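Presented below is the structure to which this report refers.
The values are calculated or read from the model by the stated rules, or taken from the named source; none is laboratory data. What you see is a predicted model; the values in this text were computed from it and never measured. Here the Cβ positions follow ideal geometry from the backbone for every residue, glycine too, while neighbour counts run over all protein chains shown. Protein only, heavy atoms only, side chains kept; ligands, DNA and RNA dropped before computing areas. Shrake-Rupley method; radii C 1.70, N 1.55, O 1.52, S 1.80 Å.
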Amino acid sequence: MPKYLPVGKDAQGAARFLLAALPALGALLTALAITGDLVGRMARNHPWATFAAFGCAAFAVFLGAVAAFGLREGSNAERRILHAGLVVLGTGLVFTVYAGVRTWGDRPQPSVTITPKRGSLVTVTVHASGLRSSDHLVVRVEQLGRAGATGQELFGASFGPDASGDVEENIDVPLPAGDFDDVGARAWVGDEPKDCYRKGNSTGCVRVHVSRPQERPQLAVDWVTFVRAPRVAIRLKAHNLPQRPSRSMTLRVYGLLAGQAPRVLAEWFLAPDVDGTFDRRLSVVVGHAFSDVCIVASTTAREPVCPAPVEDGTVWTQLAVPSG
């Protein structure tokens, strides 16, 4: 078997070889198991190498056509064109192998999303692929200030990939009470990203506004009449009250009688629990000395009157005292 292609002696065979440059390129891509979407990834992630590979193959086809149909058989010009075409084709195949191997070694950046479920819970979904067995995907969820400054960390974890090099996790993260409205999530492999939330094109970083409106107090009142002196049973509820600055609740029960000033029968100054929530059940003995009773609850006034003016954070109710 000759060491080189029989250029000159049988130039038509070498020209046909160059004319088959594009099928040869496709066969090489198939041998590298790069088909379909992987070709798109190769063009997207390594455009110059991909352009060089296909460009060299197309140029080799052109040189083969020139040698086969445009030059005199056995001439020096034909021999030079064929040699140049073989060099170009070889260069294109080298670029193909380079771009294909680099595509297989690419590691896409992780993606992360935040989905609010209800007032105090969000779901964080993270996805990553192409990880090595020694890689770890780090996920961090945190409170955010208005300027993008990070606050309290709400969740942190490190996930290893499965046998296919993928990570797919869904995490439910409860939100603590407070006056923050933004939650951020970051996911990365390797070095921690800097200034993640201040760059709109950052990868593996998301900031979402979680609307948690403060509830006005929920006041429910009923009479307890099976006792000797009538009592008023009070149920007081509220949610999402901020702790910084602290927001407390004032509850007053007034006895009313025509021609006399309202009399304070009971008064409480209450603080929410650690979740910013009130849920109190109280009972006050009223007796028969008053014609009406007025109950007012407020998060904005320290000494609310009853009946109270219409304002945010204040609710009230007035009931007639049952006859004895």
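Hey, if we sort T277, T115, T250 by accessible area with the 1.4 Å probe, largest down, what's the order?
Numbers: T277 30, T115 70, T250 5 Å².
Sorted descending by solvent-accessible area, the residues read T115, T277, T250.
At a Förster radius of 22 Å, what calculated FRET efficiency corresponds to the Cβ-Cβ distance of F62 and A27, to the nearest 0.05?
Between F62 and A27 the formula returns 0.65.
Sorted by average packing, counted as other Cβ atoms within 10 angstrom per residue and highest first, what order do 53-64, 307-318 take?
Packing order, densest peptide first, comes out as 53-64, 307-318.
Could you put E303, E267 in order of accessible surface area, largest first, with the 1.4 Å probe and the full protein assembly present?
Highest to lowest solvent-accessible surface, that is E303, E267.
Which distance in nm do the two modelled labels at L270 and A258 give, with both placed 7 Å along the Cα-to-Cβ direction?
Those two pseudo-labels are separated by 3.3 nm.
What FRET efficiency do you get for R302 and T115 if R0 is 30 Å and r is their Cβ-Cβ distance, rounded to the nearest 0.05?
0.15
Sorting E78, E153, E192 by accessible area (1.4 Å probe), largest first, what list results?
E153, E192, E78
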